[in-house]
Ligand code: PAF
């Protein structure tokens, strides 16, 4: 495994693999602090592609003022050890200056999908995500790029980006990985105290209750959101930021849930830590569990 820090070197290595060796390249973009969620993406990339690149880059442009960019967990030594075990071929770990050199002034904005839910709570977040993903895809030109369903809106934004700007990369979205308690695995779980970890299980519990209500016949989106709100707020350490019931593709709010795939997405604070989670009602089942574009 080689660790590459320079954009130019990454670009020429990837070009060589594609052209001279005629091999498929898979990219797993991450911000490091790797956990089982990332590793499920790496495992699938390893299964599907000849060569696997994992990028580790804490992207400043997707953090708003007052967010946790400075404190975001960083441990490249630990990440490298994990990725060695997973037989990854390259780690691309550029500096901020390497991705955003002096004079950088082009940003990518996926209109519509970027504005609601996370975009409303974190203005500019998806502009930062779309921009860095564009730079990564253009640098590496992977055949496949792997993302997690935990960031449901991010997955939709990236699919739209790839389609609209005609990237020659297939986007693979893989299911949420959870702790035994149901808590969705996230790098930000590292901020939680043990008590907060226990409390954070309420987020998944709320989604499960909403899903059961749907299975028992509840179709009113307001009542489904009410179930989530009441459950999350029954936990003293938790505070709901938002909950939304939307079309799973367009993110348009729905009043009544019909037979279309419908996303229930929420963000909640547990202590000072902001966590997101989601579930899809009427999910279209894929044979291999992965949803590709
Ligand atoms: O999901 C993440 O970790 C980040 O948003 C991504 C896709 C690596 C872009 O910085």
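Throughout, read-outs are computed from the coordinates displayed, never taken from laboratory work. If you're wondering where the values come from, they're calculated on a predicted model, not measured in any experiment. Positions of Cβ are backbone-derived with ideal geometry, glycine not excepted, and every protein chain shown enters the neighbour counts.
Summary of computed values
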item: Under 20 Å from the residue 269 label point (7 Å along Cα→beta-carbon), backbone N, the range 122-152; result: 122-125
item: Between helix 36-48 and the chain: long-axis angle, C-alpha atoms, 0 to 90°, nearest 10; result: 50
item: Virtual spin-label span in nm between residue 16 and residue 280, 7 Å along Cα→Cβ; result: 3.9
item: Residue among 132, 28, 13 with the largest mean-square fluctuation in a Gaussian network model of the chain, springs linking Cα atoms under 10 Å; result: 13
item: Mean-position separation - Cα centroids, the range 39-84 and the range 128-206, in angstrom; result: 11
item: Counting DSSP beta bridges with both ends in the range 22-116, the antiparallel % (nearest 5); result: 0
item: The chain: angle of helix 125-140 to the longest principal axis, Cα-based, in degrees nearest 10; result: 30
item: Cβ-Cβ FRET estimate between residue 115 and residue 234, R0 fixed at 25 Å, reported to 0.05; result: 0.25
item: Counting DSSP beta bridges with both ends in the chain, the antiparallel % (nearest 5); result: 55
item: Label-point separation in nm, residue 82 to residue 249, each point 7 Å along Cα→Cβ; result: 3.4
item: Helix-only CD estimate at 222 nm, as mean residue ellipticity for the chain, using -39500 (n - 2.57) per DSSP H run (n ≥ 4); result: -11500 deg cm²/dmol
item: In degrees, nearest ten, helix 7-19 long axis to first principal axis of the chain (Cα); result: 80
item: Rg over Rh [alpha-carbon atoms, Kirkwood Rh] for the chain; result: 0.96
item: Cα gyration tensor shape of the range 115-247, rounded if a/c is under 1.5, else prolate or oblate by comparing a/b with b/c; result: prolate
item: Nitroxide proxy distance, nm - points 7 Å out along Cα→Cβ at residue 8 and residue 95; result: 1.5
item: GNM flexibility winner over the chain from 30, 250, 131 (Cα, springs under 10 Å); result: 250
